[in-house]
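What follows is a set of notes on a single structure, which appears directly below.
Nothing in this text is a laboratory measurement; each read-out follows from the coordinates by a stated rule. From a predicted model like this one, the values you see are computed outputs, not experimental measurements. Methodologically, a virtual Cβ is constructed for each residue, glycine included, from the backbone with ideal geometry; neighbour enumeration extends over all protein chains shown.
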Amino acid sequence: MSYTGPHSEPFGPTDPYDPYGPPRPRRSPLRRTLTVALAALVPGALLGWLVYETLGGSGNGGDDGGNGAEGVGAGARTSVTGSPTAGTPDHKAGTLSASASPSPGQDADAATPLKGRVVVIDPGHNVTNSQHTAEINRKVDIGTNFKECDTTGTSTNSGYSEARFTLDVAHRLRTLLQEQGATVKLTQDGDRPFGPCVDERARIGNAAHADAVVSIHADGSAEGNRGFHVILPGAVHQGAADTRAIVAPSKELGKLIADDFAQSTGSSRSNYIGDGTGLVTREDLGGLNLSTVPKVFIECGNMRDTKDAALLTSGAWRQKAAQGISDGIASFLRK
Ligand code: ZN
């Protein structure tokens with residue numbers, strides 16, 4: 001967008017269309033020198049920006065493993081029974097872009113706006129949970145009640161597991177956030193036989209003093225149920241659970257992620273939960289109840305719907321999903 005306010009005045013005529021104005025002074029030698037210097041600087045800065053872009057300023061970290069038949073436990077996911085939140089999602093300011101000043105010396109800060117911020121990514125479930133049913137069925141204390149340590153998650157009808165999906169999106173998201181300077185920690189990286197349990201997932205975010213935590217999932221609902229939804233923590237205060245301090249910031253984080261996820265993926269907000277807002281508040285999830293830092297879950301789509309599954313199994317779509325989540329987190333952290 002061009003801006004022709006008073007700040008542009010030193011470099012141009014005050015008002016070339018004013019017939020009664022004073023005659024324009026001849027350019028002084030100093031002004032001519034400045035103009036020449038500027039003319040030399042602008043292409044240089046432009047070149048610097050182009051080099052930055054070429055060298056990975058907008059790189060994609062894809063590690064798409066593609067589809068594959070993988071044994072998935074038959075354990076169905078707990079059905080979603082949360083109460084939808086009232087109101088409609090806010091619209092927020094623009095998403096992060098590489099429009100910062102390209103002047104030399106400012107590139108480092110402009111390119112790493114999330115430097116010093118800590119983000120914990122929680123890839124839902126675990127690819128090998130299905131081989132450890134006894135361990136993951138063990139009950140853990142989530143403050144409000146006891147729940148299974150973890151679950152196997154769902155899968156598409158063709159056998160692409162939710163756990164593979166969440167880990168792939170988590171990797172893409174980690175790359176995007178690290179490129180912006182954030183410190184990123186995953187609750188699991190395919191590096192443990194099962195879990196972590198939901199209580200430990202929450203405590204990993206707490207121990208990291210995370211500025212934001214996002215737990216990545218995909219739903220297992222009926223064919224025809226489509227779209228994404230973001231799950232926000234409800235206010236609970238019981239046992240080890242006390243979410244009262246994180247309800248408001250988590251809601252803000254969730255709204256921003258929902259907006260940017262919709263924009264980046266082109267996906268619709270869920271048509272089966274949340275009354276079209278794409279936002280659902282729940283008080284029964286240990287991962288949220290035990291969190292002391294802003295945290296949301298995102299159900300990126302419905303793996304059991306054929307059309308949603310076609311998106312969820314696409315590496316290109318998962319990159320858009322990761323981008324949307326990254327944009328939402330960045331918006332939240334820059335507020
Ligand atoms: Zn899940």
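Using Stokes-Einstein with the Kirkwood hydrodynamic radius over Cα pairs, what translational diffusion coefficient do you get for region 240-335 at 20 °C and a viscosity of 1.002 mPa s, in µm²/s rounded to a whole number? Provide the component values of the computation, followed by the final result.
On the way: Rh = 14.2 Å.
The diffusion coefficient I find is 151 µm²/s.
What is the sum of charges, Lys and Arg at +1 and Asp and Glu at -1, for the other residues whose Cβ falls under 9 Å from the Cβ of Ile204? Write down the numbers at each step before the final one.
Working: positive: Lys185, Arg201, Arg203; negative: Asp122, Glu200.
Net charge around Ile204: +1.
Is there a pair in Lys115/Lys147; Lys115/Lys255; Lys147/Lys185; Lys185/Lys320 whose C-alpha atoms are over 28 Å apart, and which pairs would that be? Display every interim value, and only then the final one.
On the way: Lys115/Lys147 36 Å; Lys115/Lys255 23 Å; Lys147/Lys185 25 Å; Lys185/Lys320 21 Å.
Long pairs (Cα-Cα over 28 Å): Lys115/Lys147.
If you filter region 239-335 for chymotrypsin sites (Phe, Trp or Tyr not before Pro), then keep DSSP loop positions with at most 16 other Cβ within 10 Å, what is left? Numbers along the way, then the final one.
Values: sites: Phe261, Tyr272, Phe297, Trp317, Phe332; in loops: Tyr272.
Sparse-neighbourhood loop chymotrypsin sites (Phe, Trp or Tyr not before Pro): Tyr272.
Based on the alpha-carbon gyration tensor of region 172-273, what equivalent-ellipsoid semi-axes (square roots of 5 times the eigenvalues) come out, in whole Å, largest first?
Numbers: eigenvalues 107, 74, 55 Å².
With the √(5λ) rule applied to region 172-273, the semi-axes are 23, 19, 17 Å.
Excluding Thr306 itself, what net charge comes from residues whose Cβ is under 12 Å from its Cβ, given Lys and Arg +1 and Asp and Glu -1?
Working: positive: Arg226, Arg304, Lys307; negative: Glu223, Asp305, Asp308.
Cβ neighbours under 12 Å give a net charge of 0.
Taking loop as defined by DSSP and a crowding limit of 15 other beta carbons within 10 Å, which GluC sites (Glu not before Pro) in region 176-238 fit?
On the way: sites: Glu179, Glu200, Glu223; in loops: Glu223.
Sparse-neighbourhood loop GluC sites (Glu not before Pro): Glu223.
Among the trypsin sites (Lys or Arg not before Pro) in region 245-284, which ones are in a DSSP loop with at most 13 other Cβ atoms within 10 Å of the Cβ? Mind listing them? List each step's numbers first, then the result.
Values: sites: Lys251, Lys255, Arg269, Arg282; in loops: none.
Within region 245-284, no trypsin sites (Lys or Arg not before Pro) qualify (loop, at most 13 other Cβ atoms within 10 Å).
Dividing the Cα convex hull volume of region 112-333 by residue count, how many Å³ per residue is that?
Spelled out: Cα convex hull of region 112-333, divided by residues, is 105 Å³.
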